[in-house]
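To start, the structure itself, in structure tokens.
The values are calculated or read from the model by the stated rules, or taken from the named source; none is laboratory data. None of the values given here were measured: they were computed from a predicted structure. As a convention, Cβ positions derive from the backbone with ideal geometry for all residues, glycine included, and neighbour counts pool all protein chains shown.
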Amino acid sequence: MLPWSIGVVWFNAMEVVAWVSVWMVGWGTNSAFPLVGGYRFLAQGLAYELPHMFALITVALGAESLDFGEIARAQDGLWFVVWMPVAFLVYLLSVLAMAFWGPFGHPVGHDLAGGAVLELAGPDRLVFEAGRYALLVVASAAAVPLFLGGGAGPLLPGWAWALVKTYLVLALLVWVRHRLPVIRMDRFMTAAWVVLIPATLVQMLVVGIVVLG
Amino acid sequence: MGLRERLVRFAAERPRSFVVATPGGAGARLVVEEELRRRGWRAVASPVGADVLVVCGEPGAELAQAIEVVWADVPGPRARVQVAAGVRREAVARALDGAAAELADVPRQWADAAERVAAGPWTPDDSGDEMSGHGGGHGGHEQGGHAAHGDMGGDGDGGHEHHMGAPGGVAMAERADDRDGLKLDVLHVPLGPVLSDWPAGLRVSLTLQGDVVQDAEVGVLGGAGDGVVEWGGLAVAHLDSIGRLLAVAGWAAAAERARILRDDVRAGVDRRVEVERFARQVGRSRTLRWMIRGLGVIDRAAVERYGLTGVAARYPGDVADRLAGRFVEARKALGGGADVELDDPAALLRVLPSLLVGAELAAARLIVASLDPDLAREPVHG
């Protein structure tokens, strides 16, 4: 039985397993380009993970719970996306980064002829890509209870609203896929630490004051 | 129709292609890329992800060997297409149809697979393997002016980038001091000659620590053709280079747009307004500028020293400056501007190592793409 009362911690912990997986795929194929791709993902993790965690903590603080269900119920009337826009934007960025998707696809970059996955063919590639798509879908789905009021909505039942909202978040992420140049961590790291981390901290401060007050 | 036939037909309907260009084969590559887009077949960046290998133009002996190595990396079911330098679209369409039929030919693919199983896995001491010819070039190399790297000579691995040391007797990476004074593994990794969105026939032998280039040696693997490329106008060549740089920069949508405009211009359609608009759109991208500014800076002194001509000389500066310069030149050419001096590929090859040393692998690829030497006009050396 999963400890649902700390669902957000579970989500965060399991998502970090992606770091290990991608790096091991890159390293394990014993080839230079995949190795570089694997290391790119570690650098990417260093850039996105802290802002991502602060965004999650902000939500947990606002709902005063680590349970996804509780968090969704806490948004009765006012969705978190409305009064935590910075946390939501950072969350979306970090979803792109954790699924190394679109502009954050440098670990499997075109310039490395496929980077970490370069040597994978057949079923290996299928499993890897399936895992990557699953990561993207799960992270999109998690945005619904975290920021978008969970199953709340008129007419339709809760599960249907959750599906619709997941679909919309996913559609946004898929749309952005080819529409931006890839972001390299040697340049993005500074922005992540100097802009994103302070921004999420300020957001958390604001939420903290509101919760106390 | 049985389930199996249906599945095979479905799988072979839109195969993924890996396109290899040869020096002098650019004209064929343009035709192939246009035909692939018309069919909705995707071009992929790695032979491992491909079903069809398309070779454009006639490779020289050494380049042909490299292509054989790449062909060995294409997992089955697979098919191979060779098109001549001056090929017409109908011939390309026929060749691609043939490849699709070959992919759906189950007995033939089974036979191919059985043959490969019988040949056994690749081993480093396999004397019949083409790899030895590549890796051997690096043996014991030492560069003047890089005294700190003196202990890294004599590596045994290298060769094609897909085989950085298979299990079984390949030498371990050696170590040398890096720029921060730390001991780090040294890898010898060749970029090219067969790499997507890469100048045809170019091989840059990199000495890497991590993904930072410590040393770069440039070589050219020639084509077997007469080296005359029918670009169909200077604007086509510039748009092709722009598309390549944008693809390396990971901006797939813009790269595709550049290629569509390139093919339209080549077909004689008036695309002046669209190119202008596209140039503005790319110029507005802050993300792109953020990612490419400050890379591969060529100042006026370097232009003099290396005898550069063409875009690199007329638009001194970084990768972003050269990209903007190419757009200016493309628009000028579309407007019927006077003939301008072309790039001298030999001079670009001379300046390249100095730009690559100290760059990261991603930056190195962007720098090469921004210069994009057309090696069809370059006599083979190295």
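Brief remarks on what is shown
- Region A:113-122 - residue that is under 19 Å from B:Glu360 (Cα atoms) and more than 7 Å from every other protein chain (Cβ to nearest Cβ) and, of those, surrounded by the most Cβ atoms within 10 Å (Cβ to Cβ): A:Ala116
- A:Gly28 falls short on exactly one of the conditions (1) over 14 Å from the mean Cα position of the chain (by Cα); (2) away from chain B (no Cβ under 14 Å); (3) free of Cβ contacts under 8 Å to residues at least 60 places away in the same chain, and that condition is (2).
- In region B:342-370, the residues that are in a strand (DSSP E or B) reach residues that are not β-branched (Val, Ile, Thr) with C-beta atoms within less than 9 angstrom, at least six apart or across chains, in these pairs: B:Glu360/A:Arg184; B:Glu360/A:Asp186; B:Glu360/B:Gly210; B:Glu360/B:Asp211.
- Within region A:161-180, the residues that satisfy the criterion of being within 13 Å of another protein chain (Cβ to nearest Cβ) and either under 19 Å from A:Gln44 (Cβ atoms) or of a type in the set (Lys, Arg) (or both) are A:Val176, A:Arg177, A:His178, A:Arg179, A:Leu180.
- Top-ranked residue in region A:181-205 [being more than 20 Å from A:Pro103 (Cα to Cα) and either touching a helix residue (DSSP H, G or I) at 6+ places or on another chain (Cβ under 8 Å) or crowded, with 21+ Cβ neighbours inside 10 Å (or both); ranked as nearest to the other protein chains (Cβ to nearest Cβ)]: A:Ala199
- Residue within region A:37-53 that is within 14 Å of chain B (Cβ to nearest Cβ), touching a strand residue (DSSP E or B) at 6+ places or on another chain (Cβ under 6 Å) and either in a helix (DSSP H, G or I) or touching a residue at least 12 places away in the same chain (Cβ under 8 Å) (or both) present: no
- Hey, B:Ala85 small (Gly, Ala, Ser), in a helix (DSSP H, G or I), in contact (Cβ under 8 Å) with a residue 40 or more places away in the chain and at negative phi or not: no
- Evaluation of B:Leu352 against (1) under 28 Å from B:His188 (Cβ atoms); (2) out of contact with any strand residue (DSSP E or B) (no Cβ under 7 Å at 6 or more places or on another chain); (3) at pLDDT 90 or above (one fails), failing number: (2)
- Among residues of region B:44-64 being within 14 Å of chain A (Cβ to nearest Cβ) and touching a residue at least 60 places away in the same chain (Cβ under 8 Å), the one that is surrounded by the fewest Cβ atoms within 10 Å (Cβ to Cβ) is B:Val44.
- Within region A:10-44, restricting attention to residues that are aromatic (Phe, Trp, Tyr) and surrounded by fewer than 16 Cβ atoms within 10 Å (Cβ to Cβ), the residue that is farthest from A:Ala60 (Cα to Cα) is A:Trp27.
- Residue in region A:4-25 that is outside any helix (DSSP H, G or I), without any contact (Cβ under 8 Å) to a residue 60 or more places away in the chain and among the polar types (S, T, N, Q) present: no
- Subset of region B:238-267 [more than 15 Å from the chain's Cα centre (by Cα), surrounded by 19 or more Cβ atoms within 10 Å (Cβ to Cβ) and more than 11 Å from chain A (Cβ to nearest Cβ)]: B:His238, B:Leu239, B:Ala258, B:Arg259, B:Leu261, B:Arg262, B:Asp263, B:Val265, B:Arg266
- Residue that is modelled with the lowest pLDDT, among those in region B:172-192 that are within 13 Å of chain A (Cβ to nearest Cβ) and in a loop (DSSP other than H, G, I, E, B): B:Met172
- In region A:176-195, the residues that are closer than 23 Å to B:Phe278 by Cα form Cβ pairs under 9 Å with partners that are acidic (Asp, Glu) and crowded, with 22+ Cβ neighbours inside 10 Å, at six or more places apart or across chains, as follows: A:Val182/A:Asp111.
- Within the set A:Ala55, A:Ala134, A:Ala87, A:Ala152, the sole residue that is out of contact with any helix residue (DSSP H, G or I) (no Cβ under 6 Å at 6 or more places or on another chain), of a type in the set (Gly, Ala, Ser) and either buried (at least 17 other Cβ atoms within 10 Å of the Cβ) or under 27 Å from A:Val210 (Cβ atoms) (or both) turns out to be A:Ala152.
- Total residues in region B:29-43, condition closer than 16 Å to B:Pro15 by Cβ and either buried (at least 22 other Cβ atoms within 10 Å of the Cβ) or in contact (Cβ under 8 Å) with a residue 60 or more places away in the chain (or both): 6
- Just one of the numbered conditions (1) within 14 Å of another protein chain (Cβ to nearest Cβ); (2) assigned to a loop (DSSP other than H, G, I, E, B) is not true of A:Leu155: (1).
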